[in-house]
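Contents: one structure, followed by commentary.
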Amino acid sequence: MSDTATAALQRTPDQIVGPFYPVGKTPVGSDLTHGGKAAGAILYLSGHVLTTAGPPLAGAEVEIWQANAKGRYDHPNDTTAVPLDPAFTGFARVTTDAEGRYAFHTIRPAAYPAAADRWRPAHIHFKVTAKTEQLVTQMYFRGEDWNDRDPWLNSARRKDALIVDPQPVQGKEPGALGVIFDIVLARG
């Protein structure tokens with residue numbers, strides 16, 4: 001990363017934890033798909049955890065949780081009628097390596113109803129815990145129908161920093177997508 005690029009880093013916007021933070025779950029590894037057996041488009045999700053000054057943060061804990069490919073969380077408070085996917089864990093936790101990198105093997109989630117007249121767009125929740133700071137945010141997908149109407153995405157300062165554009169990944173499962181979502185903390 002160049003000196004100009006690192007000087008321009010801004011903290012990733014905060015987002016809500018939401019009602020479906022995992023309870024009673026013990027994440028194992030970075031694969032939420034049970035080896036690609038989960039329903040939906042496989043998503044290779046990776047990125048770096050950095051500080052606003054630019055250095056990568058080794059040893060930061062990165063947690064994700066999300067709905068499945070039909071829009072359902074594996075959570076006791078999610079009572080929507082769509083089925084759970086027994087091959088999808090919905091929650092994982094990793095620690096960044098020496099270069100601040102993290103990676104997950106997951107699926108692209110679906111939108112889901114949040115109220116009688118409102119839907120949440122597809123998104124993935126993140127909680128990043130470093131030595132002196134914790135950040136909760138969400139990552140959204142470009143082109144989602146509900147992005148323009150989501151109050152949490154639209155209230156974010158720099159909402160563009162929360163939107164990714166998945167691209168086909170070559171040499172992986174047919175239809176697999178990939179995204180890079182770098183997360184910036186103030187101090188780490």
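Data for the structure
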read-out: Test set (1) closer than 30 Å to T51 by Cα; (2) not in a loop (DSSP other than H, G, I, E, B) - W119 fails condition number; value: (1)
read-out: When residues of the range 22-60 are limited to those that are at pLDDT 95 or above, of a type in the set (S, T, Y) and outside any strand (DSSP E or B), the one nearest to the chain's Cα centre (by Cα); value: S30
read-out: Scope the range 133-148; condition of a type outside the set (A, V, I, L, M, F, W, C) and either buried (at least 16 other Cβ atoms within 10 Å of the Cβ) or at pLDDT 95 or above (or both); matching residues; value: E133, Q134, T137, Q138, Y140, R142, G143, E144, N147, D148
read-out: The range 62-80 residues that are under 16 Å from F104 (Cβ atoms), paired with ones that are open to solvent by 10 Å² or more (accessible area, probe 1.4 Å) and of a type in the set (V, I, T) (beta carbon under 6 Å, 6 or more apart); value: V62/V94
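Here's the yes/no breakdown for (1) modelled with pLDDT of 95 or more; (2) part of a loop (DSSP other than H, G, I, E, B); (3) open to solvent by less than 70 Å² (accessible area, probe 1.4 Å):
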| position | (1), (2), (3) |
| --- | --- |
| V62 | yes, no, yes |
| T79 | no, yes, no |
| E99 | yes, yes, no |
| Y102 | yes, no, yes |
| H105 | yes, no, yes |
| P109 | yes, yes, yes |
| P113 | no, no, yes |
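The values are calculated or read from the model by the stated rules, or taken from the named source; none is laboratory data. Quick caveat, the model's predicted, so the values are computed rather than measured. So basically every Cβ, Gly included, is an ideal-geometry build from the backbone, and we count neighbours across all protein chains shown. These area figures cover heavy atoms from the full protein model, side chains too; ligands, DNA and RNA do not enter into them. Shrake-Rupley method; radii C 1.70, N 1.55, O 1.52, S 1.80 Å.
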